[in-house]
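K.L.:
Right, I'll just put the structure down here and ask away after.
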Amino acid sequence: KLLLQMIFMTFTIAYLRGYLKCADDENRIITRNESLSRYLITTMPNEKHLLVFILCISTCSAIKIASFNIQIFGKAKSQKTEVMKIISSIIRRYDLVFIQEIRDMSGKAFKRLLMSVNKYNSCKRDEPKTKYHGKTSPRYGRTSSKEQYGVIYNPKKIKLISESEVAVSMADFERPPFCYSFNTVGRNPLTFAALTTHIDPDDVEAEMDNLYSTVAQCTGTTGTDDIIVLGDMNAGCRYLPQTKKQELKFSKDSAYRWLISDDMDTTVGRQDCAYDRFIVRGQRLIRRIVLNSAKPMKFDRIFNLKPDLAKAVSDHYPIEMEIV
């Protein structure tokens, strides 16, 4: 028993020394598991604590996924150094990030973002940096205001298998959704699809039901029934009252689960609305979602930002979830 405790303490100290070095280089923010790590290091070890430690390592190795509407992300925002550092720090917390509201005909803003994300992303000085990869969709929009979707991912944890446009009528969406498929890297890999969207706030009910109808096309193209439908759906408050939400096809189909609940605020500022959502389907995927991991990432509180700076980043919080 004493030997077990000594081994436990040795590995705990070594793990935490490396773990605590993973603070963000710009702001020294420690990730959300710090409190559990402190609990482990300050408590007398026994067999139960060893189990908790193992569970912590399992959680820390989970695939962290986010969806983030970076409000009007274009050349102007990409040239604001402080704002870009914050956005990059947010993205580096995750292994897979879906971005909405990229507005830049030149494509330079997204390239700057990817360069910024890759500037400082290694936990240890002697560890090679993980080079995040990124891609953008075609530009969409019925009016002169066009947007792209973006995806940024850690290739050591996630493999992008495919990406494809969804064949829809221009009348069905202001901006049609975009379909991806991914594999997780490592033991017991999971293949899943993702359908990212930015719903028109003036036509939420119709576009949400049209979105439901496109899922079959995405899963058919990718060859998997496990799918995350995600993005800025404007699915709350005056755009989608609770009575209207209950009538949506996504709500009536018991195969789907809404991971972001109506009482979660995904907006920066005085509003309190669950505009951004994860809606998931597929038993293999659902079984591997970490319990209670889906929530908004309130970066203004985490990074202790003043209101004006927080709003300069975005009017939306990222939403996050984890799979193992």
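What follows is calculated from the coordinates using simple rules that are stated; it is not laboratory data. Here the structure is a predicted model, which means the values were calculated and not measured. Neighbour counts run over all protein chains shown; Cβ positions are idealised from the backbone, glycine included.
K.L.:
Quick check on the exposure proxy: order ARG112, ARG277 from fewest to most C-beta atoms within 10 angstrom. Write down the numbers at each step before the final one.
P.N.:
Working: ARG112 17, ARG277 27.
Neighbour counts put them in this order, fewest first: ARG112, ARG277.
K.L.:
Follow-up. Taking the beta-carbon count within 10 Å as an exposure proxy, list ILE227, ILE286, ILE199 from fewest neighbours to most.
P.N.:
Working: ILE227 24, ILE286 15, ILE199 27.
Starting with the residue having the fewest Cβ neighbours, the order is ILE286, ILE227, ILE199.
K.L.:
I would also like to ask the following. If you take every DSSP beta bridge whose two residues both sit in the range 62-323, what share of them, in percent to the nearest 5, is antiparallel?
P.N.:
Around 75 percent of the beta bridges assigned by DSSP in the range 62-323 are antiparallel ones.
K.L.:
Kirkwood-based Rg over Rh for the range 206-324 (C-alpha set), two decimals? Before the final figure, lay out the partial values.
P.N.:
Details: Rg = 15.3 Å, Rh = 15.4 Å.
With Rg and the Kirkwood Rh in hand, the quotient comes to 1.00.
K.L.:
Now a separate question. Could you sort out which of LYS159/LYS244; LYS245/LYS298; LYS159/LYS245; LYS245/LYS295; LYS244/LYS311 sit more than 27 Å apart by Cα distance in this structure? Can you show the working numbers first?
P.N.:
Numbers: LYS159/LYS244 37 Å; LYS245/LYS298 24 Å; LYS159/LYS245 34 Å; LYS245/LYS295 19 Å; LYS244/LYS311 29 Å.
Pairs exceeding 27 Å: LYS159/LYS244; LYS159/LYS245; LYS244/LYS311.
K.L.:
Let me ask something additional. What residues qualify as long-range amide H neighbours of TYR149, i.e. H under 5 Å apart, gap of 5 or more or another chain, H built at 1.01 Å from N?
P.N.:
SER137
K.L.:
To make sure I understand, if each residue's beta carbon is the centre and we count other beta carbons within 10 Å, what order do LEU113, LEU160 fall in, fewest to most?
P.N.:
Numbers: LEU113 24, LEU160 16.
Ascending number of Cβ neighbours within 10 Å: LEU160, LEU113.
K.L.:
Please list, or write none, the lysines whose alpha carbon is within less than 18 Å of the alpha carbon of LYS108, excluding same-chain residues fewer than 8 places away.
P.N.:
Once the sequence-local lysines are set aside, what remains near LYS108 is LYS75, LYS77, LYS80, LYS85, LYS119, LYS135, LYS146.
K.L.:
Shifting gears a bit: Could you compute the net charge surrounding GLN100? Neighbours are other residues with a C-beta less than 10 Å from the C-beta of GLN100; K and R count +1, D and E count -1. Please list the in-between numbers first.
P.N.:
Values: positive: ARG175; negative: GLU101, GLU147, ASP232, ASP276.
Around GLN100, the surrounding residues sum to -3.
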